[in-house]
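Remarks on the structure that follows.
The values are calculated or read from the model by the stated rules, or taken from the named source; none is laboratory data. These numbers were taken from a predicted model, which means no experiment stands behind them. Virtual Cβ from ideal backbone geometry, glycine too; neighbours counted across all protein chains shown.
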Amino acid sequence: MTDGPVTDGPVTDGAQRGNGEAREAELATLVAEHNASLTEVARAARDRAEAAGTLVWDPFDPAWARDPYPVYAALRETNPVHRSPFGFWVFTRHADCLAMLRDKRASSDGRNIDATDFPAMRDREFIEGTGAGEMLAEMAPFIFRDPPDHTRLRGLVQKAFTPRVVEGLRPRVEEICNELMDSALERGECDLVGDFAYPLPVQVIVEMLGVPAEDHEQFRVWSNALARGLDPDFLLPPEAVQERLAGILSFVQYFASLIEQRRAHPGDDLLSRLIQAEEQGDVLTQGELLSTCILLLVAGHETSVNLIAGGALALMEHPEQLARFRDDAGVRRSGIEEMLRYVGPVQLTGRVALEPIEVGGVVVGPGEFSMLLIGSANRDPEAFSDPDTFDVGRADNNHLGLGFGIHHCLGAALARLEAQVALATLVQRARVLEPATDELSYKENIVLRGLSALPVQLAG
């Protein structure tokens, strides 16, 4: 979700919309061609490394996509810090990832990457020649920005996600969960992703933003495409680039119109408050307002979806932990923290060194990009006892599942509340809860890993 068009107002003019779509199609084609070439080069480099007896991280490896944790274990053991065939640094250990996340010299803004040492970015320099550079930069969400822009933009939104405000949402979250469970129990079967884990956080966030009820379902198609937009551009296949750009355009057109409605008729919702903040001189541009709305809708629900569905699967795979989570309210909070560690809804994140940073026995130079494998860090035996054991009562749990430092997940309190209520409601109301398939399927997303479906049979 780092790319997207910028508009100066509502997109209502047919010619303007046509030009925007043509521009997006041209950019998508260019990106797709370069990504396909880059993938071939990177795969060849990986094969050469393996032939020489060196294990490197490959995000396109089917074994990693199917089950990343054995791959992480092998990397931590044999090659915990290394250069990827793509040109960036890879860190797999908890201590190294934490050190980079907390270092103020590590930037979240991809524009700080030195393309001369990073083939993926060097190959993408053509984008600047398309006239899209400024357009892409302004639509970058605040999670991909540094202070002071990050501080200003996050500050405008974070008041809506304080623990006190989030706790006030508990009755509504419980109401939605029970409505979803009523339907599932009546049928005796459901897809825990599509019928339970997805509808809950989407319903909550669209209500917070003030999106009209009749438009809620439309967001499913758009958000599925945009969720992959949080993956690094250079790791996206051609079709994902095209779908992402189309989804962004649809979102921008929709929200530009909704913003104009809220300007004329403010409501008691987050979107109205963001607009009012802009008008009070907090310098929130139209592009920033649009990108923030998209970020809240996509990132604001996708982590919760993956956490709820993945947590439910972990409970079903460990019946003794399911029974404990169901019967002992004292482990509900620790159980969610364990799911954030064990399930890994967020698998990785990236940072760019602004100055030389010594970490993990290497020096990351200015402009060099580092991939932090959070999913691996959360299974590091140096940081967790019995890291591959799922324990809802785990006490010492300094996981990095929701990030760390100034970029710690803005919606962390909401994600925790939704997962706690959803999973407690699920296991308490469904005394019988069993997977209806042995063939699990995961989304193709790299950053936000999650099940694409989880059919179950259930009964009260």
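For the reader, a short list of remarks on this structure follows.
- Of the helices (runs of 4 or more DSSP H) lying entirely inside region 112-226, those carrying at least 1 residues that are at pLDDT 70 or above and among the hydrophobic types (A, V, I, L, M, F, W, C) are 149-158, 163-167, 170-187, 199-209.
- Test: residue in region 190-203 that is touching a Pro at 6+ places or on another chain (Cβ under 9 Å), over 23 Å from Q261 (Cβ atoms) and without any contact (Cβ under 8 Å) to a residue 40 or more places away in the chain: no
- For region 85-111, filtering for residues that are closer than 13 Å to P232 by Cβ and modelled with pLDDT of 95 or more leaves 1.
- Counted residues, region 443-460 - those being at pLDDT below 90 and either in contact with an Asp or Glu (Cβ under 8 Å, 6 or more places away or on another chain) or among the aromatic types (F, W, Y) (or both): 4
- Here E302 does not qualify as modelled with pLDDT under 80, part of a helix (DSSP H, G or I) and of a type in the set (D, E).
- Any hit, region 380-395, residues being in contact with a helix residue (DSSP H, G or I) (Cβ under 9 Å, 6 or more places away or on another chain) and modelled with pLDDT under 95: yes
- Candidate set from region 365-402 (those that are in contact with a strand residue (DSSP E or B) (Cβ under 9 Å, 6 or more places away or on another chain) and among the polar types (S, T, N, Q)); member that is surrounded by the fewest Cβ atoms within 10 Å (Cβ to Cβ): S370
- Contact map, region 412-434: residues that are in contact (Cβ under 8 Å) with a residue 60 or more places away in the chain paired with residues that are among the polar types (S, T, N, Q), Cβ distance under 6 Å, separation 6+ or inter-chain. Pairs shown: A415/T303; A415/S304; E418/S304; E434/Q457.
- Residue satisfying condition, being touching a residue at least 40 places away in the same chain (Cβ under 8 Å) and part of a strand (DSSP E or B), within set V352, V363: V352
- Against the conditions (1) among the basic types (K, R); (2) over 25 Å from the mean Cα position of the chain (by Cα); (3) in a loop (DSSP other than H, G, I, E, B), R379 satisfies every one except (2).
- Of the residues screened, E444 is one that is surrounded by fewer than 20 Cβ atoms within 10 Å (Cβ to Cβ) and of a type outside the set (V, I, T).
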